[in-house]
Amino acid sequence: MDWAYDDILGLQRPVHDGDVFSRRHPKMTRLNRAKIFAPFAALTGFEEAVRSKQTPYVPRRQLDAEGLLALNRALRRLERATRTGALARQNRVRARVEYFEVCADIHHDAFGRDGLYRAITGVVWRVDTVHQTLAIRDRIIPFRDIDSIAIQCQ
């Protein structure tokens, strides 16, 4: 019985060393060859999008009169201690600020409405009463987003 390709089944792999084929098609490095067989993600960003949907965003809390008064006192105290840059460097007042961060994920139902409460602890560098912001560490937080301030004694 005559099989198809019977004449080439027993042949060795062709060796191209310096011929026309090897000049046109140089041998691949192992790294480039491995890239061909690397896993392919057809839906780039899909895993991240699914994870972001699992974030438990909450609505913004409204402070009561007592909470607003305590927040005002703390802001005034920090403003006096950081009125100028020299004063801020001299006093180096540390505080723990809890603030609300609005959801910035445009694909989430909570976008622009709900968010997360975060806390940051560090040296307060400036309380800007004109722009109503507080600068702590590398972050600038608007007054309207601050939920509580705990000034740490030195």
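At 7 Å along the Cα-to-beta-carbon direction for both V20 and N32, put a label point, then send me their distance in nm to one decimal.
Taking the two extended label points, one gets 2.1 nm.
What's the Kirkwood radius of the range 65-152 in Å, using all Cα pairs?
So the Kirkwood estimate lands at 13.6 Å.
Defining a contact as two alpha carbons under 8 Å apart and six or more residues distant in sequence, what relative contact order in percent does the chain show?
Dividing the mean separation by the residue count of the chain yields 21 percent.
Does a label point 7 Å from the Cα of R92, set along Cα-to-beta-carbon, have any residues of the range 123-150 with amide nitrogen under 20 Å, and which are they?
Residues 123-127, 135-139, 150 fall inside that zone.
Given a cut-off of under 8 Å on Cα pairs at least six residues apart, what relative contact order in percent is computed for the range 65-152?
33 percent
Say a site is exposed when it is one of the chymotrypsin sites (Phe, Trp or Tyr not before Pro), sits in a DSSP loop, and has at most 11 other Cβ atoms within 10 Å; what is then the longest site-free stretch of the chain?
With chymotrypsin sites (Phe, Trp or Tyr not before Pro) excluded where exposed in loops, the chain gives 41-154 as its longest stretch.
Can you give the helix-only mean residue ellipticity at 222 nm for the chain, where every DSSP H stretch with n ≥ 4 adds -39500 (n - 2.57) and the sum goes over all residues, rounded to the nearest 500 deg cm²/dmol?
Calculated at 222 nm, the ellipticity per residue is -8000 deg cm²/dmol.
Within the range 77-129, report the trypsin sites (Lys or Arg not before Pro) that DSSP leaves as loop and that have at most 16 other Cβ atoms within 10 Å.
Passing sites in the range 77-129 are R83, R92, R113.
GNM on the chain, C-alpha springs below 10 Å: top fluctuator among A135, A34, A95?
For the chain, modelled as a Gaussian network with Cα springs under 10 Å, the answer is A34.
Values in this text are rule-based calculations from the coordinates and carry no lab data. These numbers were taken from a predicted model, which means no experiment stands behind them. In this analysis, Cβ positions are derived from the backbone assuming ideal geometry, glycine residues included, and neighbour counts consider all displayed protein chains.
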